[in-house]
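Notes for the one structure printed next.
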Amino acid sequence: MTDMRLIHLVDDDEAIRHSASFMLRHAGFRVKTYTDGVAFLEQVADAERGCILLDVQMPGMDGLEVQEALNARGVAMPVIVLTGHGDVAVAVRAMKAGAVDFVEKPYAKQSLVDALTRAFERLEARRKEDVLAEEARGLIERLTARERDVLTGLVEGQTNKIIAETLDISPRTVEIHRANLMEKMDAPSLSTVLRIAFAAGFGRSTAF
């Protein structure tokens, strides 16, 4: 790896922080270490986006509690938890809470690198989804209020006739609004219109 992706390593064991940091840096990652979960939570709001490598067994606040706090704060960085050998129940709880993977201690270098690679792939996919969603919202913001009404009908699977009845306008007027919104959204087909709308979260409880 040569892109120097960042890992936030949270572990109260100084020896593990040192050895894991050395190994991961040698594998091409950047690493920032934290002595415990509380220290990490104090800094996470301003932390650079990366992957969180989180030890489960820590005094004061264990890894699962840290993970719960991250979820409550809406921190979207992928989490990999480090568990004790055979601690399947803890791993399952962590995965149910949103962890992308777990690695048992003592871990092999390749198993950890593989897990981190998968986590960064997920992070990149999420970043692309965020970009697409932002672009989609920008396209929908071009629409007039009435064009958004028509779009709502299309998202709900309604025909032009039903949309017209719902909005108390003529089917021909619906066709005009539909053509206009497709042009404004750079959408050559209804499937493209729907893809953009769904990417933007249109039709849910959004602030459009």
Fill in: Among the residues listed as 144, 206, the single one being open to solvent by 40 Å² or more (accessible area, probe 1.4 Å) and at pLDDT 90 or above
144
Response to the item:
Across (1) open to solvent by less than 60 Å² (accessible area, probe 1.4 Å); (2) closer than 16 Å to residue 123 by Cα; (3) not hydrophobic (A, V, I, L, M, F, W, C); (4) not in a loop (DSSP other than H, G, I, E, B), residue 98 clears everything bar (4)
Worksheet item: Do we have any residue at all in region 156-176 that's in contact with a Ser or Thr (Cβ under 9 Å, 6 or more places away or on another chain), among the small types (Gly, Ala, Ser) and modelled with pLDDT of 95 or more?
Response: yes
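In region 85-104, how many are in contact (Cβ under 8 Å) with a residue 24 or more places away in the chain and either more than 22 Å from residue 36 (Cβ to Cβ) or not small (Gly, Ala, Ser) (or both)? Walk me through how you get there before you give the answer.
Taking region 85-104 and keeping what is in contact (Cβ under 8 Å) with a residue 24 or more places away in the chain, we get 87, 90, 93-94, 97-99.
Checking which are either more than 22 Å from residue 36 (Cβ to Cβ) or not small (Gly, Ala, Ser) (or both) leaves us with 87, 90, 93.
Qualifying residue count for the region: 3.
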Practice prompt. Identify the single condition in (1) buried (at least 18 other Cβ atoms within 10 Å of the Cβ); (2) farther than 17 Å from residue 7 by Cα that residue 116 does not satisfy, given that it satisfies every other one.
Written response: (2)
Worksheet, complete the sentence: Among the residues of region 78-95, the number that are open to solvent by 10 Å² or more (accessible area, probe 1.4 Å), touching a strand residue (DSSP E or B) at 6+ places or on another chain (Cβ under 8 Å) and part of a helix (DSSP H, G or I) is 2
Worksheet entry | Cβ-Cβ under 9 Å pairs, at least 6 apart or on other chains, region 64-84 side on the phi > 0 side of the Ramachandran plot, far side aliphatic (A, V, I, L, M) and assigned to a helix (DSSP H, G or I) | none
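Can you tell me which residue among 17, 25 is part of a helix (DSSP H, G or I), more than 17 Å from residue 79 (Cα to Cα) and either out of contact with any His (no Cβ under 9 Å at 6 or more places or on another chain) or not acidic (Asp, Glu) (or both)? Write out each step before concluding.
Values: 17 fails: more than 17 Å from residue 79 (Cα to Cα).
Result: 25 is the single residue among 17, 25 that is part of a helix (DSSP H, G or I), more than 17 Å from residue 79 (Cα to Cα) and either out of contact with any His (no Cβ under 9 Å at 6 or more places or on another chain) or not acidic (Asp, Glu) (or both).
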Worksheet item: Given 133, 125, which one is over 20 Å from residue 22 (Cα atoms), surrounded by fewer than 18 Cβ atoms within 10 Å (Cβ to Cβ) and either at pLDDT 90 or above or in contact with a Gly (Cβ under 9 Å, 6 or more places away or on another chain) (or both)?
Response: 133
Response to the item:
The condition from (1) in contact with a His (Cβ under 9 Å, 6 or more places away or on another chain); (2) buried (at least 21 other Cβ atoms within 10 Å of the Cβ) that residue 106 misses is numbered (2)
Discussion item. Given the criterion more than 24 Å from residue 121 (Cα to Cα) and either touching a helix residue (DSSP H, G or I) at 6+ places or on another chain (Cβ under 9 Å) or open to solvent by 20 Å² or more (accessible area, probe 1.4 Å) (or both), identify the matching residue among 55, 46, 13.
Written reply: 13
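Which residues, counting only those in region 129-181, are outside any helix (DSSP H, G or I) and within 16 Å of residue 201 (Cα to Cα)? Walk me through it before giving the result.
We begin by selecting, within region 129-181, every residue outside any helix (DSSP H, G or I); these are 141-144, 156-159, 168-170.
Listed by number, the residues that qualify are 141, 142, 143, 156, 157.
The values are calculated or read from the model by the stated rules, or taken from the named source; none is laboratory data. Remember, predicted model here, so these are calculated numbers, not experimental data. Cβ: placed from backbone, ideal geometry, glycine included. Neighbour counts: every protein chain shown. Heavy atoms of the whole protein, side chains included, go into the accessibility calculation; ligands, DNA and RNA do not. Shrake-Rupley method; radii C 1.70, N 1.55, O 1.52, S 1.80 Å.
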